[in-house]
Amino acid sequence: MDNIEAMPVKPPAKPPAEPSAKSPAKSPGRDTYTPESLLAVAVEVFNERGYDGTSMEHLSRAAGISKSSIYHHVRSKEELLRRAIARALDGLFAILDEPDAGRGRAIERLEHVTRRTTEVLMAELPYVTLLLRVRGNTRTERWAMERRREFDHRVAGLLKAAAAEGDIRSDLDARLATRLLFGMINSIVEWYRPQPGDAADRERVADAVVRLAFEGLRRQ
């Protein structure tokens with residue numbers, strides 16, 4: 001019988017390796033984003049570029065995901081705007097439902113609302129910043145402005161009540177005083193930049209706002 005050269009035999013293929021816990025993380029995708037994390041990115045872009053100057057392409061690039069992935073979470077850019085503004089407004093209106101906002105003399109309730117408004121602004125800085133920058137160009141923006149007016153109206157009511165109780169100066173127009181008070185509080189968005197573990201700093205800012213406001217408002 002002729003000698004036949006044996007063909008080399010390939011070793012059996014190894015089964016696919018099991019995923020390792022040390023495998024590098026995959027890039028962000030639809031399944032790695034939550035509505036909350038996507039909202040945080042959108043608010044940052046809205047504040048940088050302005051809502052009108054932001055496209056879904058800008059949001060897609062900033063988030064590192066496709067536009068179709070964004071649409072998996074929201075129906076439109078305006079829905080992101082509404083969610084962001086609602087977060088700020090919910091925080092502000094919740095203050096008015098706190099126990100200290102509804103008991104005691106009006107001046108005490110007003111001081112509580114002033115302090116807590118300052119604290120919420122700093123705690124929710126990107127969201128409140130966006131709320132303060134809306135201009136009424138969309139239905140959502142007009143809704144936000146109406147809600148802001150409602151909040152201001154309720155605070156003005158506290159000012160009027162405090163004046164009627166004789167605890168603050170009666171020579172100040174309540175609406176004007178409310179605008180000046182919120183003008184001081186809202187200006188914080190222009191310079192305050194939160195740092196990790198800065199609760200004590202936030203408390204100092206809130207204390208300063210209350211002292212400046214109420215030493216000027218209190219009847220001597």
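Rule-based calculations on the coordinates, nothing more; no lab input. None of the values given here were measured: they were computed from a predicted structure. Because the Cβ atoms are built from the backbone with ideal geometry, glycine has one as well, and the counts that use them run over all protein chains shown.
Using 0.36 nm per residue, how much length does the chain from Thr34 to Ser76 gain when fully extended, once their Cα-Cα distance is taken away?
Working: separation 42, 0.36 × 42 = 15.12 nm, distance 1.57 nm.
Contour length minus the Cα-Cα distance gives 13.6 nm.
Before anything else, pin down the relative contact order of segment 82-217: Cα pairs under 8 Å, at least 6 apart, normalised by residue count, whole percent.
Numbers: 113 pairs, mean separation 42.6, N = 136.
Answer for segment 82-217 is 31 percent.
Taking the Cα-to-Cβ direction at Glu203 and at Ala164 and moving 7 Å from each Cα, how far apart do the two end points lie in nm?
3.6 nm
Would you work out if segment 128-211 is rounded, prolate or oblate? Take a ≥ b ≥ c from the square roots of the eigenvalues of the alpha-carbon gyration tensor; rounded if a/c is under 1.5, else prolate when a/b is larger than b/c, oblate otherwise. All intermediate terms of the calculation are to be shown ahead of the outcome.
On the way: a/c = 2.68, a/b = 1.12, b/c = 2.41.
It comes out oblate by the Cα gyration axes.
Once each part is reduced to its C-alpha centroid, what is the distance from segment 61-132 to segment 173-220 in angstrom?
17 Å
Which of the three applies to segment 28-74, rounded, prolate or oblate, going by the alpha-carbon gyration tensor with a ≥ b ≥ c and a/c under 1.5 meaning rounded? If you can, show how the numbers build up before the last one.
Details: a/c = 2.08, a/b = 1.64, b/c = 1.27.
In terms of gyration-tensor shape, prolate.
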